[in-house]
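So the structure is just underneath, and the comments pick up after that.
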Amino acid sequence: MLKKAELIAAALLLFTSLGVSQDKGHFDASINGAAVFTRASSGNGVQQSATIGLDYFATFRLRFKPKHSLIFNYGRAKNSQVYQTNFDYHVLTRTTEYSGAYVYNLFEKGKFQPFVLVGAGALGFYPSSTWLVLPDFVSGVPNRVQINLNARKQTALAYLYGGGVDYRLPWRFALRLQYRGLLYNAPDFKVNPTSGSAVNFSTGSKGHMAEPSVGLVFRF
């Protein structure tokens, strides 16, 4: 994962140097908070989904032309990945994002500047604990039992797309509202028959995270 992050950073540094050499450039940095909604996927007799989580990510942007920019994102999110087979399993997960994207600014009207973006990066899925959820037909409250399935860290290539709008605030600040979508291979934490596990988390399908967010931008 570090190698992928280093490659993304090196590519952005190269584009930055090219942009600065051709134009004066314009930079901004933002801190953003988002809700994470994961679309359910299924395959191999497994249905995989996730609880609604929270994501915090920082963005650095180089605007090398009035309508053209490059951005680099670093983010961290937390939720539970849910696997439904014969039983329900919940894997408490921290997700780390390293991504880069091209941004096109559509137009500028008053204090509003809408944009769209497309890019790619890497998602690192870090499991902390795994729980087996069993129904209780007497009380109606599910029983949660912590188990060890040897879930391991997993990294997936992710495709990023989205759009939003910046609203200029006084001085050098702006408010950023945006939607981001991330498409990736659904994680199984290497809990599958090929790893010798009796439990299978592998769906062999794509996962998708939708992230509506709000952020504060500082331009310099």
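The values are calculated or read from the model by the stated rules, or taken from the named source; none is laboratory data. If you're wondering where the values come from, they're calculated on a predicted model, not measured in any experiment. Positions of Cβ are backbone-derived with ideal geometry, glycine not excepted, and every protein chain shown enters the neighbour counts. The area values use the complete protein model at the heavy-atom level, side chains included, leaving out ligands, DNA and RNA. Shrake-Rupley method; radii C 1.70, N 1.55, O 1.52, S 1.80 Å.
State, as an integer percentage, the relative contact order of the chain based on alpha-carbon contacts under 8 Å between residues 6 or more apart.
21 percent
Each residue of the range 73-81 in turn: what ³J(HN,Hα) in whole Hz from Karplus with 6.51, -1.76, 1.60 and θ = phi - 60°, glycine and Pro shown as x?
Result, rounded to whole Hz: 10, 10, x, 9, 10, 9, 6, 10, 7.
What Kirkwood hydrodynamic radius, in Å, does the chain give when the mean of 1/r is taken over all pairs of distinct Cα atoms and then inverted?
18.9 Å
In a solvent-free Debye calculation with one equal scatterer on each Cα, what is log10 I(q)/I(0) for the range 39-90 at q = 0.22 Å⁻¹, listed in the order of the q values?
With one equal scatterer per Cα and no solvent, log10 I(q)/I(0) is -0.82.
Scan around Ser129 for amide H atoms under 5 Å from its own, H built in the peptide plane at 1.01 Å from N, and keep only partners 5 or more places away or cross-chain.
For Ser129, the qualifying residues are Leu92.
With point charges of +1 on the Cβ of Lys and Arg and -1 on the Cβ of Asp and Glu, referenced to the Cα centre of the chain, which listed residue (Ser128, Tyr161, Pro142) lies farthest in the positive direction of the dipole?
Most positive-ward Cα: Tyr161.
Length gain on complete extension for the stretch Thr194 to Arg219, per 0.36 nm per residue less the alpha carbon to alpha carbon distance?
4.0 nm
Return the carbon/sulfur percentage of the accessible area of the chain, one whole number, probe 1.4 Å, all protein chains in place.
64 percent
Quick one: how many lysine pairs in the chain have C-alpha atoms under 28 angstrom apart, if they're 8 or more apart or on different chains?
Count of close lysine pairs: 24.
Calculate one ³J(HN,Hα) per residue across the range 101-116 by plugging θ = phi - 60° into the Karplus curve 6.51 cos²θ - 1.76 cosθ + 1.60, and present them in order as whole Hz with x for glycine and proline.
3J(HN,Hα) across the range 101-116, in whole Hz: 7, 9, 10, 10, 7, 5, 6, 9, 9, x, 8, 9, 9, x, 8, 10.
Leaving ligands, DNA and RNA out of it, work out the accessible area of Thr85 with a 1.4 Å probe and give it in Å² to the nearest 10.
Using a 1.4 Å probe on the heavy atoms, I get roughly 50 Å².
Rolling a 1.4 angstrom probe over the protein heavy atoms, how many square angstrom per residue are accessible across the range 61-220?
That works out to 50 Å² for each residue.
Roughly how many debye, to the nearest 20, is the charge dipole of the range 74-206 about its Cα centre, given +1 on each Lys and Arg Cβ, -1 on each Asp and Glu Cβ, and no other charges?
Dipole of the range 74-206, to the nearest 20 debye: 500 debye.
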